[in-house]
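One structure is given here, and the rest of the page talks about it.
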Amino acid sequence: MNKKTCIIICGPTAVGKTDIAITVAEHFNTKIISADSRQCYRELNIGVARPSETALQAIPHYFINSHSIQQEVTTADFERYTLKAAEEIFEENDMAVMVGGTGLYIRAFCDGMDDIPAVDPAIRTEITEQYKINGLPWLQQQVKTADPAYFEKGEIQNPRRMMRALEVIRSTGQSITYFQQGHKKQRPFNIIKIGLELPREMLYNRINQRVLQMMEAGLEKEARILYPFRDLNALQTVGYRELFDYFAGHTSLARAVELVQQNSRHYAKRQLTWFKKDADTHWIQADAKAAAAIVAMVVN
């Protein structure tokens, strides 16, 4: 039997995944692979709740501070990067830990990516330009009309995913969901998926408090530095987008903070919906006993 195992710790934002994953990694004296679509960008820190420098020094992490916001990082890129990272970890240890809340990334790592036909570059350019002019509501309506199957189940608050869905159906005539039903790829290691959850009221309160802590830690200053790059895909994310609207004079600072909290709560709800669909995920409470419970589950 193959003893090499990747422990995947997933769940909604602010549930406490990072600290629990670090404790588990310390127990097995191994390294961590991040499955967060934004923590890989070295220019982003406070707004993506990147692990502290102390944590990063204690446990080596892959896919954190690994790319620039100027780089286009795709799900396929993540799959290639993290499979190589896992291979490196398994050369020294039978255990690896992956932690994050980007469901599509975790699926790609576990099951592989589907082969989607190439899209027409002219269509991609047109969609990108129209999105810059008309914004997210326009993009959502376009996808809802052209690809209702994706709109029903996809990440409709994520402009990058929405533009991808729109360019695929316009180029191929098929919904992107049509190409996402392939057979799972077999990995040369075992996978154990652990989902962390908290009562909704407690989770939402943690999200609200974390946003306030981010503001106190300097999120506004960080966002101002990034404002000139606001059109990059890497910055189409909760925590920056709302502050960019404030900088542009579209809202007040107080309202921007409220929207970061609100949109973060909505994001957490979507994450839970995604992860709950995976019958292979074992769910536990994200409390003080969570790390010990995960270790026991793995060794037994």
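Kindly evaluate E201 against the criterion of being free of Cβ contacts under 8 Å to residues at least 40 places away in the same chain, among the charged types (D, E, K, R) and open to solvent by 80 Å² or more (accessible area, probe 1.4 Å). Against the criterion (free of Cβ contacts under 8 Å to residues at least 40 places away in the same chain, among the charged types (D, E, K, R) and open to solvent by 80 Å² or more (accessible area, probe 1.4 Å)), E201 qualifies. In segment 274-294, the residues that are over 22 Å from R107 (Cα atoms) and assigned to a helix (DSSP H, G or I) form Cβ pairs under 6 Å with partners that are open to solvent by 10 Å² or more (accessible area, probe 1.4 Å) and modelled with pLDDT of 95 or more, at six or more places apart or across chains, as follows: A290/I20; A290/I284; A291/I20; A291/T23; A293/I284.
Residues are listed down the side, and each one gets a yes or a no for (1) open to solvent by less than 60 Å² (accessible area, probe 1.4 Å); (2) at pLDDT 95 or above:
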| position | (1), (2) |
| --- | --- |
| V48 | yes, yes |
| I59 | yes, yes |
| G112 | yes, no |
| A122 | no, no |
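Entry remark, segment 150-191: residues being of a type in the set (G, A, S) and surrounded by fewer than 16 Cβ atoms within 10 Å (Cβ to Cβ) number 2 in total.
Against the test of being more than 18 Å from the chain's Cα centre (by Cα) and of a type in the set (D, E, K, R), the options D245, D278 yield a single qualifying residue, D245. Against the conditions (1) over 22 Å from R161 (Cβ atoms); (2) touching a helix residue (DSSP H, G or I) at 6+ places or on another chain (Cβ under 6 Å); (3) not small (G, A, S), F28 satisfies every one except (2). The number of residues in segment 189-209 being touching a helix residue (DSSP H, G or I) at 6+ places or on another chain (Cβ under 8 Å), in a helix (DSSP H, G or I) and of a type outside the set (F, W, Y) comes to 3. Counting only helices (runs of 4 or more DSSP H) that fall entirely inside segment 1-104 and contain at least 1 residues that are over 22 Å from V211 (Cβ atoms), over 12 Å from the mean Cα position of the chain (by Cα) and among the aromatic types (F, W, Y), the qualifying elements are 17-28, 75-90. May I ask you to list the residues in segment 21-36 that are open to solvent by 20 Å² or more (accessible area, probe 1.4 Å), in contact (Cβ under 8 Å) with a residue 40 or more places away in the chain and not hydrophobic (A, V, I, L, M, F, W, C)? Matches in segment 21-36: T23, H27, N29, K31, D36.
The values are calculated or read from the model by the stated rules, or taken from the named source; none is laboratory data. The structure displayed is predicted, hence computed values, not measured ones. Note that we place each Cβ from the backbone using ideal geometry, even for glycine, and neighbour counts take in every protein chain shown. Keep in mind that these areas ignore ligands, DNA and RNA; they rest on the heavy atoms of the full protein, side chains included. Shrake-Rupley method; radii C 1.70, N 1.55, O 1.52, S 1.80 Å.
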